[in-house]
Amino acid sequence: MVFKNVQLDRILQSQGFGTRKECRKAIREGEVKVGGEIVRDPFLEFDATGLTFEINEWEWEYAEQVYIALHKPANYECSHKPKHNKSVYNLLPDPLVIRGAQSVGRLDVDTTGLLLFSDDGQFIHAISSAKRQVTKSYRATTNLPIDDEQIRQLLEGVQLVDEPEPVQALTAKRVGEKLVELVVDQGKYHLVKRMIAAAGNHVDQLHRFAVGGLSMEDGSLPELDSGDWCYLRPKHLALLGYP
Ligand code: URA
């Protein structure tokens, strides 16, 4: 879509910088630069497509919809109202949260790794929908050594309480004495922990390193330290099979 002739106050509002009134005030007070120049007229029109602007020295780019990858640390809850920990939303800049970026599914408070966010409802649905089956790759550190029998059970399917049918891992690989990598294509509550428990072991630590073809470990994403985030570009979305 092309967004020509859009007032600067409307552009800022659409990107999560506050109400129209707040955006107008920031512009009038000289906090906003476009093309390196301060713009004090909130009604000045720009072509929003591809527009970059600065607010208080912070460079932003206009995006009709936003797609983000976060390296989630442990002890953060995937909730706007966390009960006992901090919220993953504290790790994103306010404008992204204000414009409505939501996590795509959830990771447990103690799970680390790749967590996606967007304000595109279709994207969230496509990636988290049970029907579409975007794969998720996890590495679990277990309490007991991983043996061949546990791998066999994970691959053949384990029966979980409250599930009508056994759940199978698409792949399950022992990569250390107490380390297993598995790929699943479902997004049920505590899925990996429950699968490993049903196979007779216990997860001590869980890390998600990939969603679909988007991995934190093969160079498909910029390197993200724990707590860091980056924008996802069309090439990243393509690795998720989106659109
Ligand atoms: N499976 C789990 O058990 N926990 C997660 O956070 C993700 C998948």
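Within the range 24-39, if we keep just the residues that are over 33 Å from the mean Cα position of the chain (by Cα) and surrounded by 13 or more Cβ atoms within 10 Å (Cβ to Cβ), the residue that is farthest from Gln7 (Cα to Cα) turns out to be Arg28. For the residues Tyr189, Tyr231, the requirement of being open to solvent by 20 Å² or more (accessible area, probe 1.4 Å) and within 14 Å of the ligand (Cβ to nearest atom) singles out Tyr189. When residues in the range 33-46 are screened for being at pLDDT 95 or above and part of a loop (DSSP other than H, G, I, E, B), 6 of them pass. Please indicate, with yes or no, whether at least one residue in the range 115-122 is in contact with an Asp or Glu (Cβ under 7 Å, 6 or more places away or on another chain) and either open to solvent by 10 Å² or more (accessible area, probe 1.4 Å) or in a loop (DSSP other than H, G, I, E, B) (or both). Scanning the range 115-122 turns up no residue that is in contact with an Asp or Glu (Cβ under 7 Å, 6 or more places away or on another chain) and either open to solvent by 10 Å² or more (accessible area, probe 1.4 Å) or in a loop (DSSP other than H, G, I, E, B) (or both). Could you say whether any residue in the range 56-79 is away from the ligand (no atom under 16 Å from the Cβ), open to solvent by 30 Å² or more (accessible area, probe 1.4 Å), part of a strand (DSSP E or B) and of a type in the set (Asp, Glu)? Yes, that holds for at least one residue.
The set of residues in the range 152-161 being out of contact with any helix residue (DSSP H, G or I) (no Cβ under 6 Å at 6 or more places or on another chain) and free of Cβ contacts under 8 Å to residues at least 40 places away in the same chain consists of Arg152, Leu155, Glu156, Gly157, Gln159, Val161. Only one entry in Ala140, Ala169 is over 30 Å from Pro82 (Cα atoms) and within 16 Å of the ligand (Cβ to nearest atom), namely Ala169. Checked against the criteria, Leu154 does not count as under 20 Å from Trp229 (Cβ atoms), open to solvent by less than 20 Å² (accessible area, probe 1.4 Å) and either modelled with pLDDT of 95 or more or away from the ligand (no atom under 13 Å from the Cβ) (or both). Contact map, the range 162-190: residues that are more than 13 Å from Lys136 (Cα to Cα) paired with residues that are part of a loop (DSSP other than H, G, I, E, B) and within 13 Å of the ligand (Cβ to nearest atom), Cβ distance under 6 Å, separation 6+ or inter-chain. Pairs shown: Val167/Leu160. Answer yes or no as to whether Arg40 is touching a Pro at 6+ places or on another chain (Cβ under 7 Å), basic (Lys, Arg) and either outside the structural domain of Leu232 (by TED's automatic domain parsing) or farther than 30 Å from Tyr189 by Cα (or both). So Arg40 does not fit the description; no. Mind checking which pairs have a first residue in the range 80-103 that is surrounded by 18 or more Cβ atoms within 10 Å (Cβ to Cβ) and a second that is of a type in the set (Lys, Arg), Cβ under 8 Å, 6 or more apart or different chains? So the pair list comes out as Val88/Lys72; Leu91/Lys72. Consider the range 123-141 and keep the residues that are part of a loop (DSSP other than H, G, I, E, B) and of a type in the set (D, E, K, R). The one that is farthest from Gly219 (Cα to Cα) is Lys131.
The values are calculated or read from the model by the stated rules, or taken from the named source; none is laboratory data. All of these numbers come straight from a predicted model, not from anything done at the bench. Quick reminder, even Gly has a Cβ in these numbers, built from the backbone with ideal geometry, and neighbours come from all protein chains shown. Areas reflect the complete protein model, heavy atoms only, side chains present, ligands, DNA and RNA absent. Shrake-Rupley method; radii C 1.70, N 1.55, O 1.52, S 1.80 Å.
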